[in-house]
Amino acid sequence: MNDAQGRPSRILLLGGASEIGLAIVAALPLAPDTHLILAGRNLAQMEERAATLPCTVTTTAYDATALETHRDFADTVFADADIDLVISAAGILIPQSELDRDPQRAGELVQTNFTGHVTTLLAVTRHLRNQGHGTLVVLSSIAAVRPRRANFVYGASKAGLDAFAQGLADSLHGSGVRLLLVRPGFVTGRMTQGMPPTPLSTTPDRVAAAVATALTTTTATAVWVPRALAPIALLMRLTPRVLWRRVKR
Ligand SMILES: NC(=O)c1ccc[n+]([C@@H]2O[C@H](COP(=O)([O-])OP(=O)(O)OC[C@H]3O[C@@H](n4cnc5c(N)ncnc54)[C@H](OP(=O)(O)O)[C@@H]3O)[C@@H](O)[C@H]2O)c1
């Protein structure tokens with residue numbers, strides 16, 4: 001349970017080296033005995049990236065594409081104690097041209113960004129429901145709103161994740177468990193390295209600050225970063241197809 005000052009006792013970060021995920025953790029009120037569990041593929045890298053966080057950090061192996069392992073994974077991480085906050089941040093971005101050449105890579109992207117979240121979050125949610133408390137933070141994207149021709153496999157994977165998370169949030173209503181959906185635009189950082197920023201691009205720290213603020217409320221269900229993306233998303237949905245297909249990136 002969160003302590004009297006609202007600090008989570010145990011946090012699970014899926015995609016434990018994620019720049020945005022670690023920025024979110026850093027933006028939260030942490031106690032020295034807050035236990036952060038970093039779950040990912042490269043244990044040494046996760047430890048290195050979390051070295052400056054003022055809390056207790058442990059690492060555990062987790063592969064979003066290993067669907068058959070997710071139930072046991074969830075049973076293991078919840079075995080010791082309740083978890084107050086789960087951040088689902090595993091993801092990959094691969095240029096569409098590369099996916100056009102290699103459809104198997106497209107399958108890996110969908111498995112990482114969508115299917116792996118479904119199996120993991122359903123397994124995790126079973127434990128959160130039993131606890132009767134806890135928060136899930138799911139990293140969606142503006143790309144989920146309407147897939148663009150320049151990035152449609154990534155967009156489709158995020159659209160699937162976004163729809164799944166909305167349904168999961170509704171199914172959790174009244175359970176004491178909450179889901180916060182985060183929809184950033186272009187975030188300058190490791191994932192987008194070498195790509196020219198788009199208008200309204202943001203940073204991991206700004207995404208983290210918006211998430212930390214939303215978590216202080218009890219009502220927020222979704223966060224757009226920056227906030228101006230919410231009306232833009234509406235315009236994106238309403239744009240006639242004949243114009244939408246001309247969007248270059
Ligand atoms: N950056 C953006 O512009 C942006 C915008 C909107 C939404 N998002 C979403 O935000 C989330 C975090 O992105 P980020 O910017 O923090 O990128 P990041 O720093 O590249 O983090 C992504 C994390 O996912 C992990 N990962 C990839 N494949 C995995 C797998 N099969 N199993 C377990 N972990 C895996 C990576 O671990 P490895 O080091 O092992 O690869 C890495 O730690 C992603 O879901 C992304 O799609 C990002």
Per-residue ³J(HN,Hα) for the stretch 18-29, Karplus 6.51 cos²θ - 1.76 cosθ + 1.60, θ = phi - 60°, Hz, x for Gly and Pro
4, 4, 5, x, 5, 5, 4, 4, 5, 7, 8, x
Carbon and sulfur together cover what percent of the accessible area of the chain at a 1.4 Å probe radius?
55 percent
Please state the shape class of the chain: rounded when a/c is under 1.5, otherwise prolate if a/b exceeds b/c and oblate if not, all from the C-alpha gyration tensor.
prolate
Top mean-square fluctuation among Leu168, Leu36, Leu234, Gaussian network model of the chain, C-alpha springs under 10 Å?
Leu234
Check which residues have an amide H placed less than 5 Å from Val86's amide H, if you skip close sequence neighbours.
Leu12, Thr135, Leu136, Val137
Counting heavy atoms of the protein chains only and a 1.4 Å probe, report the per residue accessible area for the chain as a whole number of Å².
49 Å²
3J(HN,Hα) from dihedral phi, the stretch 112-127, Karplus parametrisation 6.51/-1.76/1.60, rounded to Hz, x for glycine, proline:
5, 8, 10, 4, x, 5, 4, 5, 5, 5, 5, 5, 5, 4, 4, 6
Just to check I understand the Karplus step: with θ = phi - 60° and J = 6.51 cos²θ - 1.76 cosθ + 1.60, what whole-Hz values come out for the stretch 186-197, glycine and proline as x?
5, 10, 6, x, 4, 5, 10, 3, x, 9, x, x
Using a Gaussian network model of the chain whose springs link C-alpha atoms within less than 10 Å, name the residue from Gly174, Gly116, Gly21 with the highest mean-square fluctuation.
Gly174
Please work out the C-alpha center-to-center distance from the stretch 8-76 to the stretch 85-124 and express it in whole Å.
18 Å
Which whole-number percent is the relative contact order of the stretch 10-244 (Cα, under 8 Å, 6+ apart)?
19 percent
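The values are calculated or read from the model by the stated rules, or taken from the named source; none is laboratory data. Remember, it's a predicted structure, so these values are computed and weren't measured experimentally. Protein only, heavy atoms only, side chains kept; ligands, DNA and RNA dropped before computing areas. Shrake-Rupley method; radii C 1.70, N 1.55, O 1.52, S 1.80 Å.
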